[in-house]
Amino acid sequence: MASWNKATDPDQVRLREYLEDTAELLAPAMVLGPWALRLDIGLPAGRDLIDMADLDNYAFPLATRPRNEDLVTVWCSKRHADTSRVLVAPAAESAAPSATYTVRTTASAATTAFKEQVRSAVVDAATIPTGAVHLQLAFVVGPQRNWLTLWKPTIDALDPLLGRTRADRDWHPQDGRITDLGLHVTVDPSLGHDILVSIAAAPAAAPRTEGPR
């Protein structure tokens, strides 16, 4: 998972080793043109899949590592399994979910105002019933925007859909509930610094358990 500790912290050391090793393994499979990254996280049997282990914190370091602007879609899941798996492939267009919430933001993604604008799109939505959640976020951005940095503040604003960890805490949704996460980007120079965000969330299918292969 992503770590914000000092560079010498054991978590940071393990993260760097993992990213270097995974990047080396993936290098022969990298493709030209728009590409997709898929990461399936295997967690120990008995670990509660909908408590913490936030998927964006697993996906972000790996998506950032290639420094490749042709990455246009990231899929991440978590299951009870003995191993984790990663895949890179050419990106392919697919149909959008049938029910989405859309908002155009004008504030910096580093500000509370951005989260407030995102939340306004879902503020009247019903909270998804207790259990696992499938979430997709689609961003339309200008060519200078690093869309990877939009994931966390956008998810932080989805407490109307996901529920709050505590009633008195803003921007702390129960995002550990997300067991399937899809993140997508399209570039549109006409947007300038604005961002168009589309949100689709629904109960997820019961996560499967995978044994040794």
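The values are calculated or read from the model by the stated rules, or taken from the named source; none is laboratory data. A quick note: this is a predicted structure, and the numbers were derived from the prediction, not measured. FYI the Cβ positions are ideal-geometry reconstructions off the backbone, even for glycines, and counts take in every protein chain you see. Areas reflect the complete protein model, heavy atoms only, side chains present, ligands, DNA and RNA absent. Shrake-Rupley method; radii C 1.70, N 1.55, O 1.52, S 1.80 Å.
Quick notes
- Sequence-distant contacts, meaning Cα pairs under 8 Å at least 6 residues apart, place the relative contact order of segment 123-208 at 50 percent.
- Cα gyration tensor, segment 22-107 - rounded (a/c under 1.5), prolate or oblate: oblate
- In this structure, residue 64 and residue 165 have a Cβ-Cβ separation that, at R0 = 22 Å, corresponds to a calculated FRET efficiency of about 0.30.
- Computed over protein heavy atoms with a 1.4 Å probe, the carbon and sulfur contribution to the accessible area of the chain reaches 54%.
- Residue 185 long-range amide H proximity, modeled H, under 5 Å: 139
- Tensor-based shape of segment 89-213 (alpha-carbon gyration tensor, a/c under 1.5 rounded, otherwise prolate or oblate): oblate
- Amide H contacts under 5 Å for residue 132, placed H, 5+ residues apart: 204
- Structural descriptor for segment 1-89: relative contact order 42 percent, calculated from alpha carbon pairs under 8 angstrom and at least 6 residues apart.
- Note on P(r) over Cα pairs in 10 Å bins from 0, in percent: of the candidates [x] 8, 32, 38, 20, 2; [y] 9, 38, 38, 14, 1; [z] 7, 30, 33, 23, 6, 0, the value calculated from this structure sits at [x].
- DSSP finds beta bridges in segment 61-213, and of those with both partners inside it, around 65 percent are antiparallel.
- Residue 112 paired with residue 94, simple spin-label distance in nm, labels 7 Å along Cα-to-beta-carbon: 3.8
- With all protein chains kept in place, the per residue accessible area of the chain amounts to 54 square angstrom at a probe of 1.4 angstrom.
- Of every Cα-Cα pair in segment 1-67, the percent that sits beyond 18 Å: 46
- As a length-normalised measure over Cα pairs under 8 Å and 6 or more apart, the relative contact order of the chain settles at 26 percent.
- Remark on residue 71: its backbone amide H falls under 5 Å from those of 35, a criterion applied only to residues 5 or more positions apart or on other chains, H modelled at 1.01 Å from N.
- Shape class of segment 161-202 from the Cα gyration tensor (axes a ≥ b ≥ c, square roots of the eigenvalues): oblate, since a/c reaches 1.5 or more and a/b does not exceed b/c.
- Mean Kyte hydropathy of 1.6 or more with a Cα span along the axis of at least 18 Å, helices from DSSP in the chain: none
- Straight-distance crosslink candidates among lysines, where the alpha carbon sits under 24 Å from residue 78 and sequence neighbours closer than 8 are dropped: 152
- Look at where the Cα atoms of segment 126-178 and of segment 7-66 average out, and the two centres are 19 Å apart.
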